[in-house]
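Below is one structure, written out as structure tokens, with a few remarks after it.
The values are calculated or read from the model by the stated rules, or taken from the named source; none is laboratory data. Values in this document were obtained by computation on a predicted structure and should not be read as measured data. When we count neighbours, we look across all protein chains shown, and the Cβ atoms used for this are built from the backbone with ideal geometry, even at glycine. Accessible surface is based on the protein model in full, side chains and every heavy atom, while ligands, DNA and RNA are left aside. Shrake-Rupley method; radii C 1.70, N 1.55, O 1.52, S 1.80 Å.
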Amino acid sequence: MDERAQELARLIAASSRIVAFTGAGISTESGIPDFRSPGGIWDRYAPIDYGEFLRDPRARRETWRRGLDTYPVVAAAQPNRAHLALVELERGGKLKAVITQNIDGLHQKAGHAAERVIELHGNAHGVRCLQCRAWYARQAIHARVIAREEMPGCEACGGMLKPTSVSFGEPMPFDELRRAEREARVSDLCLVIGSSLVVYPAAAVPRYALEAAAKLAIVNATQTDLDEAASVVLRGRAGELLPDIVEAAQRLAC
Ligand code: NAD
């Protein structure tokens, strides 16, 4: 382990209220592309924003068609070594919350207690009726799209259905944002993993931690806006770096 990785291990060992803030980069090693890296989702699709989805049947048709292409990859993905390292940190009693921008559910699949994971951008595995709030499994709705229902409606009330991931321009889940801010403000270390930190308001979470005098550590493949404010910055692949760091931190804490 190089000097910076050892520094992060020491920082983790010295902390007792850690929050992890994760983005799409923690899941690329599970085979889910991020948005902004070359070959990422923006190279293949233009985003459909919430207003367009509500207004334009073509946007809704395109959302369901696109989902048939993108969702199976998310549904089949398995947690990688970075997700598992965070579970180890939770078991050691230090990790209090995982605040994620991800919609893939891989933190829960890795074994975190569900209440510790705060999803700021919803979840790709569900579909909700915008009228009566009925919930459906995404797979079940996709089965209807495959059976040539281009724009499936709610079985209970006929209302418009939408995946439970938060679209551009859609209001963020208020309770989750509030909980994330609270957890960040009582943390002593915010560990950012795999986020470009450009999507707001989610990316404000590490700033709340800094405002509350917590330390900041960043593990990301490329530069971020908060590198200057961090106590430690590690550039590289989270799944390769984190397991040894967490193991070293746990040895130091004994
Ligand atoms: P982003 O695409 O803006 O940034 C990802 C960052 O991770 C980049 O800076 C990249 O350099 C880095 N990265 C890529 N692979 C890495 C690795 N193996 N180890 C460490 N770093 C790595 O993603 P973001 O910051 O999460 O924000 C964009 C939005 O993307 C979020 O709103 C999120 O909802 C959505 N998103 C989620 C998923 C998912 O759920 N897996 C996938 C794509 C996009």
Computed ³J(HN,Hα) along segment 224-231: with the Karplus parameters 6.51/-1.76/1.60, θ = phi - 60°, integer Hz and x for glycine or proline, the list is 10, 5, 9, 3, 4, 8, 8, 6
Measure of exposure for THR28: accessible area at 1.4 Å probe, Å² rounded to 10, is 60
In Å³ per residue, the alpha-carbon convex hull of segment 174-239 encloses 82
Across all Cα atoms of segment 1-80, Rg and the largest Cα-Cα distance (Dmax), in Å, are 18.4, 55
With all protein chains in place and a 1.4 Å probe, LYS215 shows an accessible area in Å² (nearest 10) of 100
Output for segment 147-203 (equivalent-ellipsoid semi-axes, sqrt of 5λ from the C-alpha gyration tensor, Å, descending) is 34, 14, 10
Normalised Cα Rg of the chain, dividing by 2.2 N^0.38 Å with N its residue count, works out at 1.05
Reduced to Cα centres, the span from segment 234-251 to segment 113-186 in Å works out to 32
As a percent rounded to 5, the proportion of antiparallel DSSP bridges among beta bridges in the chain is 25
Note: probe point = Cα of ARG17 + 7 Å toward Cβ; backbone nitrogen < 15 Å; residues of segment 178-218 passing the test are 179-191, 208-216
Interchain or sequence-distant (5+) residues whose placed amide H lies within less than 5 Å of the amide H of LEU234 are ILE218, VAL219, ASN220
When the charge dipole of the chain is computed with +1 on Lys and Arg Cβ and -1 on Asp and Glu Cβ about the Cα centre, the Cα farthest towards its positive end, among ILE118, THR164, GLN6, belongs to THR164
Each label sits 7 Å from Cα toward the beta-carbon; between LEU130 and ALA75 the label points are separated, in nm, by 2.3
Excluding ligands, DNA and RNA, the carbon-plus-sulfur percentage of the accessible area of the chain with a 1.4 Å probe reads 51
Quick calc of log₁₀ I(q)/I(0), segment 84-147, Debye, one scatterer on every Cα, no solvent, q values 0.24 1/Å, result -0.99
To the nearest Å², the heavy-atom accessible area per residue of segment 82-148 with 1.4 Å probe amounts to 42
Note: probe point = Cα of ARG61 + 7 Å toward Cβ; backbone nitrogen < 16 Å; residues of segment 120-145 passing the test are 145
Result: in the chain the number of Lys pairs with C-alpha under 25 Å apart, spaced 8 or more or on different chains, is 5
Percent of all Cα-Cα pairs per 5 Å bin for segment 1-152, counting from 0 up to the last occupied bin, reads 2, 8, 14, 18, 18, 15, 10, 6, 4, 3, 1, 0
